[in-house]
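Structure record follows, encoded as structure tokens.
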Amino acid sequence: MKSNLMKWALLAVVGILLWGCQQPRVNQQQFDSVYYLDEVELLRARNFRSLEEANKMPDSVFKLILFGQQLKEIPHDLGRFQYLNTLELTLNNLEDLPDFITGFQYLQSLYIAQNQFHTVPDEIVEIPRLKKLDISANPIELLPAALFEADSLEEFYCEEAALTQIPETMFANERLKIVSLKENQIATVDAAIGNMKSLEKINLERNQITCLPESLFQIPGLKQVLIESNPLNMDSLMVLKDKYPDVKIYY
């Protein structure tokens, strides 16, 4: 009896170990800035356009382009590419992201536009050094507050979605430089937007906005405001245009 119990216990342990080995995971190592490429290095880096190609040299994959491949889920092999800086998954059929994506400590740019996401995946919030996120053309109605509490995000794109409001945490984010919320159902922009001290460009075209707060134009580095195809109060807009001539307004 005792030997049978020991046998079953051993089998259970082996099963757990085998199950763990089958799970995709990113090899977590101490962060090394050498693998966190700057803009010039990223431009020069090779574009891997298939998993077959990338699997031949996983530690050399900094940019993986899986555009328009009709993916319904992220392949497990993707967890091998620990030095990914750019991941392009636009125009697929994805509805969620795997847990292991949070382990991509070098990931700077993530493109998941034109998929089937109804909410912003929780895993995105946990990617530690993400600078650029494009979730456009997904049926997303709400943006999670936690998304803008990260201190790394600099560019955010959520165009052609179903947003009706902007979360307050976005207005408190002082690192965002570029925001595009084009073609949504946003009706108001809170005066707290003036707290976005790094904002340089904002695209609010094709929404339901009638007026913009003056605090937006008081952001020191603001260069462009795109507001075409909104039911704007043109008189108030012209006042702002004349008062802040250094800001280019496209209406």
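If I filter region 138-146 for residues that are more than 23 Å from residue 91 (Cα to Cα) and either hydrophobic (A, V, I, L, M, F, W, C) or crowded, with 16+ Cβ neighbours inside 10 Å (or both), do I get at least one hit?
yes
Of the residues in region 74-96, how many are of a type in the set (Val, Ile, Thr) and either crowded, with 21+ Cβ neighbours inside 10 Å or under 27 Å from residue 30 (Cβ atoms) (or both)?
Qualifying residue count, region 74-96: 2.
State the number of residues belonging to region 105-137 that are part of a loop (DSSP other than H, G, I, E, B), touching a Leu at 6+ places or on another chain (Cβ under 9 Å) and among the charged types (D, E, K, R).
2
What number of residues within region 201-212 satisfy the criterion of being of a type outside the set (A, V, I, L, M, F, W, C) and under 18 Å from the mean Cα position of the chain (by Cα)?
Going through region 201-212 one residue at a time, the tally reaches 2.
What is the residue count in region 123-146 for residues that are within 26 Å of residue 69 (Cβ to Cβ) and touching a residue at least 24 places away in the same chain (Cβ under 8 Å)?
14
State the number of residues belonging to region 119-135 that are among the β-branched types (Val, Ile, Thr), in contact with a helix residue (DSSP H, G or I) (Cβ under 9 Å, 6 or more places away or on another chain) and over 21 Å from residue 83 (Cβ atoms).
Counting residues in region 119-135 that are among the β-branched types (Val, Ile, Thr), in contact with a helix residue (DSSP H, G or I) (Cβ under 9 Å, 6 or more places away or on another chain) and over 21 Å from residue 83 (Cβ atoms) gives 3.
Which condition number in (1) outside any loop (DSSP other than H, G, I, E, B); (2) exposed (fewer than 15 other Cβ atoms within 10 Å of the Cβ); (3) not hydrophobic (A, V, I, L, M, F, W, C) is the one that residue 102 fails?
Only one criterion in (1) outside any loop (DSSP other than H, G, I, E, B); (2) exposed (fewer than 15 other Cβ atoms within 10 Å of the Cβ); (3) not hydrophobic (A, V, I, L, M, F, W, C) is unmet by residue 102, namely (2).
Quick check on region 75-87. Is at least one of its residues among the aliphatic types (A, V, I, L, M), under 26 Å from residue 182 (Cα atoms) and in a loop (DSSP other than H, G, I, E, B)?
no
Yes or no: region 65-73 includes at least one residue that is at pLDDT 95 or above, under 25 Å from residue 131 (Cβ atoms), under 19 Å from the mean Cα position of the chain (by Cα) and crowded, with 20+ Cβ neighbours inside 10 Å.
Yes, there is a match, as at least one residue in region 65-73 is at pLDDT 95 or above, under 25 Å from residue 131 (Cβ atoms), under 19 Å from the mean Cα position of the chain (by Cα) and crowded, with 20+ Cβ neighbours inside 10 Å.
Among the residues of region 147-178, write down those that are farther than 21 Å from residue 128 by Cβ, surrounded by 15 or more Cβ atoms within 10 Å (Cβ to Cβ) and of a type in the set (Val, Ile, Thr).
Residue satisfying the conditions is 166 alone.
Collect the residues in region 190-211 that are in contact with a helix residue (DSSP H, G or I) (Cβ under 7 Å, 6 or more places away or on another chain) and either part of a loop (DSSP other than H, G, I, E, B) or not small (Gly, Ala, Ser) (or both), keeping them in residue-number order.
The answer is 190, 193, 195, 196, 211.
Scan region 213-229 residue by residue and report those that are of a type outside the set (A, V, I, L, M) and either over 22 Å from the mean Cα position of the chain (by Cα) or not in a strand (DSSP E or B) (or both).
Passing the criteria: 213, 214, 215, 217, 218, 220, 221, 223, 228, 229.
The values are calculated or read from the model by the stated rules, or taken from the named source; none is laboratory data. What you see is a predicted model, and the numbers here were worked out from it, not measured in a lab. Here Cβ is always computed from backbone atoms with ideal geometry, including for glycine, and neighbour counts include all displayed protein chains.
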